[in-house]
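Here is the structure we will look at, set down as structure tokens.
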Amino acid sequence: MTKNQKINNLKRHHTRQVQVGSVSVGGNAPVSVQTMTKTDTRDVQSTVNQILEIESLGCDIVRAAVVDEDAAKAFAKIRSQIHIPLIADIHFDHKLAIMAVNAGVDGLRINPGNIGSTNKVREVVKAAQDRKIPIRIGVNAGSLEKDILRQFGGSPSEALVESAMRHVHILEDQGYHEIKISVKTSNVLQTVEAYRLIAEKTDYPLHLGVTEAGTFLPGTVRSSAAIGILLTEGIGDTIR
């Protein structure tokens, strides 16, 4: 068997499939590529222009930040002018998540644990459930819960996984299973270990990436190293 045949016959970690707009993620779907806009989402034309450029380069999915209500309202205008699925990146304010869903986004990136009370999470889940919009639980090393840091402070990878699974259970308790997961650090080896651990615990699709990887060249090297290792091990369904 040649080297290329071995790569093509690589056994992927089995995950369930979710639908992000027109793009299938997980299961037997090809690994999709996504990125995030650098524009102010409230500047609709600049954001649309950047996304159209991203599309021309072959990107499959794009994510944009929702910093306030004006940004959430802009999603409807942005969505109507682009062709690839659009994901809303939400921090803390559950109302912005609901507004983004109502504006027609194809997915959400949140941490259920920092959205607030169970009732607030339930409201977000209800909005997403009505349109079957997947939610990505995005856990980063820099925003771990204090009790988890105390418990797993010496093992950042285990801490990431513990936090992610806690957030997963919050959504599962609401009967929601359209979930993707990411567990990122700026350290390549810790990131790789975290994804290996989470792959053993769940069959939800995994979004690969390195957070705060650095400037262009160091960031490219760190991201390529971590993502490359994991993909060759059959882990990962979509990549940043």
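The values are calculated or read from the model by the stated rules, or taken from the named source; none is laboratory data. Since this is a predicted model, take the numbers as computed values, not measurements. We place every Cβ from the backbone using ideal geometry, glycine too, and count neighbours over all the protein chains shown. In case anyone asks, the SASA skips ligands and DNA or RNA and just uses the protein heavy atoms, side chains included. Shrake-Rupley method; radii C 1.70, N 1.55, O 1.52, S 1.80 Å.
Collect the residues in region 204-219 that are modelled with pLDDT under 95 and assigned to a loop (DSSP other than H, G, I, E, B), keeping them in residue-number order.
Once the filter is applied, which keeps residues that are modelled with pLDDT under 95 and assigned to a loop (DSSP other than H, G, I, E, B), region 204-219 yields GLY209, VAL210, THR211, GLU212, ALA213, GLY214, THR215.
Looking only at residues that are acidic (Asp, Glu) and open to solvent by 70 Å² or more (accessible area, probe 1.4 Å) in region 134-172, which one is farthest from the chain's Cα centre (by Cα)?
Here the residue is GLU158.
For region 15-26, name all the residues that are open to solvent by 20 Å² or more (accessible area, probe 1.4 Å) and either within 12 Å of HIS207 (Cβ to Cβ) or over 16 Å from the mean Cα position of the chain (by Cα) (or both).
SER22
Given the structure, is ILE235 modelled with pLDDT of 95 or more, farther than 17 Å from MET36 by Cα and open to solvent by 10 Å² or more (accessible area, probe 1.4 Å)?
Yes: the conditions hold for ILE235.
So HIS91 fits all but one of (1) at pLDDT 95 or above; (2) surrounded by fewer than 19 Cβ atoms within 10 Å (Cβ to Cβ); (3) outside any helix (DSSP H, G or I); (4) not aromatic (Phe, Trp, Tyr); what number is the exception?
(1)
Here's a check for you: in region 173-203, which residue that is touching a residue at least 40 places away in the same chain (Cβ under 8 Å), touching a Leu at 6+ places or on another chain (Cβ under 7 Å) and in a helix (DSSP H, G or I) is surrounded by the fewest Cβ atoms within 10 Å (Cβ to Cβ)?
This residue is ALA199.
If you scan region 77-87, which residues turn out to be open to solvent by 10 Å² or more (accessible area, probe 1.4 Å), closer than 14 Å to ASP106 by Cβ and outside any loop (DSSP other than H, G, I, E, B)?
Selection gives ARG79 alone.
State yes or no: is LYS120 of a type outside the set (A, V, I, L, M, F, W, C) and under 16 Å from the mean Cα position of the chain (by Cα)?
In short, no.
Among the candidates ARG122, ARG150, which residue alone is over 21 Å from ASP237 (Cβ atoms), assigned to a helix (DSSP H, G or I), among the charged types (D, E, K, R) and in contact (Cβ under 8 Å) with a residue 12 or more places away in the chain?
Exactly one of ARG122, ARG150 is over 21 Å from ASP237 (Cβ atoms), assigned to a helix (DSSP H, G or I), among the charged types (D, E, K, R) and in contact (Cβ under 8 Å) with a residue 12 or more places away in the chain, namely ARG122.
Somewhere in region 101-109, is a residue open to solvent by less than 10 Å² (accessible area, probe 1.4 Å), at pLDDT 85 or above, part of a helix (DSSP H, G or I) and within 23 Å of VAL25 (Cβ to Cβ)?
yes
Can we say GLY228 is closer than 21 Å to ASP60 by Cα and surrounded by fewer than 20 Cβ atoms within 10 Å (Cβ to Cβ)?
yes
Given the conditions (1) surrounded by fewer than 22 Cβ atoms within 10 Å (Cβ to Cβ); (2) more than 21 Å from THR238 (Cα to Cα), and given that ALA97 satisfies all but one, which numbered condition is not satisfied?
For ALA97, the exception is condition (1).
For region 9-34, enumerate the residues that are in a strand (DSSP E or B) and either more than 24 Å from GLN129 (Cα to Cα) or touching a strand residue (DSSP E or B) at 6+ places or on another chain (Cβ under 6 Å) (or both).
VAL18, VAL20, VAL23, VAL25, SER32, VAL33, GLN34
Which residues, taken from region 35-76, are touching a helix residue (DSSP H, G or I) at 6+ places or on another chain (Cβ under 9 Å), part of a helix (DSSP H, G or I) and open to solvent by less than 70 Å² (accessible area, probe 1.4 Å)?
The answer is VAL44, THR47, VAL48, ILE51, ALA71, ALA72, ALA74, PHE75, ALA76.
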